[in-house]
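The values are calculated or read from the model by the stated rules, or taken from the named source; none is laboratory data. Just so it is clear, the model here is predicted, and its values are computed rather than measured. In this analysis, Cβ positions are derived from the backbone assuming ideal geometry, glycine residues included, and neighbour counts consider all displayed protein chains. SASA here: full protein model, heavy atoms, side chains in, ligands and nucleic acids out. Shrake-Rupley method; radii C 1.70, N 1.55, O 1.52, S 1.80 Å.
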Amino acid sequence: MPQLIAGNWKMHCLTAEAVALAQAIAAGAQGIAAELLVCPTALHLTAVAQALKGSIVAVGGQDCHQAKQGPHTGDIAAPMLRDAGATWVILGHSERRRDHGETDELVREKTLAAVEAGLTPIVCVGESADQRAGGQETEVVGWQLAGSLPKPFTGIVAYEPVWAIGTGKTATEEDVEIMHSFIREELVRQFGDAGQTIRILYGGSVKAANAASLLAMPNVGGALVGGASLNAQEFLAIARAAQGG
Ligand code: PEP
């Protein structure tokens with residue numbers, strides 16, 4: 001299974017900037033063995049999907065509602081993301097858990113809705129700085145996995161320690177090794193043999209300078225990249241450090 005390098009563009013870019021970024025990534029993506037994904041705002045999905053047509057770069061959403069449609073002002077349903085060209089969706093990102101009070105239960109409902117709409121979900125988990133300082137990191141991530149993943153689960157997990165997101169602080173290789181092997185054990189406990197092949201991404205201040213060592217760790221199936229994904233050359237350099245199938 002190739003590693004997945006996913007860019008989370010968050011609430012960045014106007015339309016022309018998003019299209020230009022997508023075009024620059026597509027132009028440099030030839031020959032990269034990893035799977036590539038970019039997740040612009042929902043507003044830019046159609047234009048970005050159009051710009052990436054014929055390239056190896058897929059497009060994803062950053063969130064979806066748990067209902068297929070209905071009276072939910074300002075929300076976006078999973079079938080709408082699919083209709084706009086998305087094939088993936090990030091769910092339960094810590095910024096959504098923080099800004100919108102998303103619970104594990106809600107993330108699980110959204111994950112079911114995403115799969116039903118034909119999207120592959122990337123479900124994010126990760127502990128806060130206080131939880132790590134209190135030695136609770138595996139307990140917290142274990143609860144998030146148990147609460148956020150439906151059975152069966154046909155998606156990807158992203159381990160994103162909250163203290164490493166957008167801070168320039170990256171988890172050490174030891175942190176990543178311990179947590180990713182814990183997540184693998186939990187996935188096997190929850191899903192049996194199927195848990196062996198679920199890819200586990202690392203996210204948190206990944207950049208070209210640290211990508212190769214992080215991506216070489218066991219049980220790291222790729223990276224979820226925030227800030228560095230807004231620069232095409234930096235994102236492509238991370239992708240070149242990743243492994244193919
Ligand atoms: C993210 O928000 O998913 C992320 C990993 O951000 P950054 O790479 O900027 O830390």
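Of the residues making up the range 187-213, those that are open to solvent by less than 30 Å² (accessible area, probe 1.4 Å), of a type in the set (A, V, I, L, M, F, W, C) and over 19 Å from Thr138 (Cβ atoms) are Val206, Ala211. Hey, can you tell me all the residues within the range 1-31 that are assigned to a loop (DSSP other than H, G, I, E, B) and surrounded by fewer than 18 Cβ atoms within 10 Å (Cβ to Cβ)? Hits for the range 1-31 are Met1, Pro2, Met11, His12, Leu14, Gln30, Gly31. Of the residues in the range 86-95, at least one is part of a helix (DSSP H, G or I), within 16 Å of the ligand (Cβ to nearest atom) and under 25 Å from Val141 (Cα atoms). Look at Gly168 and say whether it is closer than 21 Å to Ala223 by Cβ, among the small types (Gly, Ala, Ser) and part of a loop (DSSP other than H, G, I, E, B). In short, yes.
Taking the criterion of being within 14 Å of the ligand (Cβ to nearest atom) and of a type in the set (A, V, I, L, M), the residues of the range 1-47 that qualify are Leu4, Ile5, Ala6, Met11, Leu37, Val38. Does Ala114 satisfy the criteria of being in a helix (DSSP H, G or I) and more than 17 Å from the chain's Cα centre (by Cα)? So Ala114 fails the test. Restricted to the range 132-160, and to residues that are open to solvent by 20 Å² or more (accessible area, probe 1.4 Å) and either without any contact (Cβ under 8 Å) to a residue 12 or more places away in the chain or among the β-branched types (Val, Ile, Thr) (or both), which residue is nearest to Phe182 (Cα to Cα)? Ranking the qualifying residues of the range 132-160, first place goes to Thr138.
Residue-by-condition table, conditions (1) among the hydrophobic types (A, V, I, L, M, F, W, C); (2) within 16 Å of the ligand (Cβ to nearest atom); (3) without any contact (Cβ under 8 Å) to a residue 12 or more places away in the chain:
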{"position": "Glu177", "(1), (2), (3)": "no, no, no"}
{"position": "Phe182", "(1), (2), (3)": "yes, no, no"}
{"position": "Ala194", "(1), (2), (3)": "yes, no, no"}
{"position": "Val206", "(1), (2), (3)": "yes, yes, no"}
{"position": "Leu215", "(1), (2), (3)": "yes, yes, no"}
{"position": "Val225", "(1), (2), (3)": "yes, yes, no"}
{"position": "Leu236", "(1), (2), (3)": "yes, yes, no"}
